[in-house]
Each structure stands twice: as structure tokens, then as C-alpha cells.
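Visitor: Dropping the structure in here first, questions after.
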Amino acid sequence: HNLEMKHLPGADPELVLLSHRYEELERIPLSDMTREEINQLVQDLGFYRKETPDTPVPEEFQFAPARPLTTLLPHQAGGKDPPDNSEGEHPDL
């Protein structure tokens, strides 16, 4: 849910995280990751995986992922400290 795959021929695969205003928040290279690692990353970031395409998305995941980037490892987040967000929501929401 809320994840779109775009194949760009010749480009290295990367996960691009966007805000609700479609502003780029982060780029995570995927070239050196296995399928299992990518699936775990997407889950850790708060994306909801439907059992089937027709499965309804629970209300708490309608606008997910709406998590701070603290779920990223420091080297994945560019070594920057994430903004303090004590309420547990993404600062853009």
C-alpha cells in the first residue's frame, strides 16, 4: 500500500521516499540488497503489505508510511541525525 514501482532502464535501483507533498525525503540504494532485505526494509519503514490486491487497508495504515526516518540505519540515512519527533509521526504530516 502506498508503494509504487517504476522500472527505469539503465538506472541503479533505489527506493525514493516522498512526503505527502511529493517532496523527496530520502534515497536508499537497493543494488547490494537481496529481495528479502528489501522486503524487510519496506516493512521496517512502515509500508503495509496486503494479503491480496482486494484486501482492505486498515485505517491506521491508510496514510502510511508516516514514520520518522529513525527506522533507517545511520549509513542509510546519509549519516544525518533524524529530526526530533516525539509524537511518532512524520514531520511533514
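Every number here is computed from the coordinates shown, using simple stated rules; none is lab data. All values derive from a computational prediction rather than experimental measurement.
Visitor: Please list the non-local residues whose amide H lies under 5 Å from the amide H of LEU25, H modeled 1.01 Å from N, same-chain partners needing a gap of 5 or more.
Guide: Amide H neighbours of LEU25: LEU17, LEU18, SER19.
Visitor: Still on this structure: When the chain is fully extended, how far beyond the present Cα-Cα distance does SER31 get from PHE61, taking 0.36 nm per residue of separation?
Guide: Residue separation times 0.36 nm, minus the Cα-Cα distance, leaves 8.0 nm.
Visitor: Multiply the residue separation of GLU24 and HIS7 by 0.36 nm, subtract the distance between their alpha-carbon atoms, and state the gained length in nm to one decimal.
Guide: Length difference between fully extended and current span is 4.3 nm.
Visitor: Further, regarding this structure: Using the reciprocal of the averaged 1/r over all distinct C-alpha pairs, how large is the Kirkwood radius of region 14-70 in Å?
Guide: Final number for the Kirkwood radius of region 14-70 is 12.7 Å.
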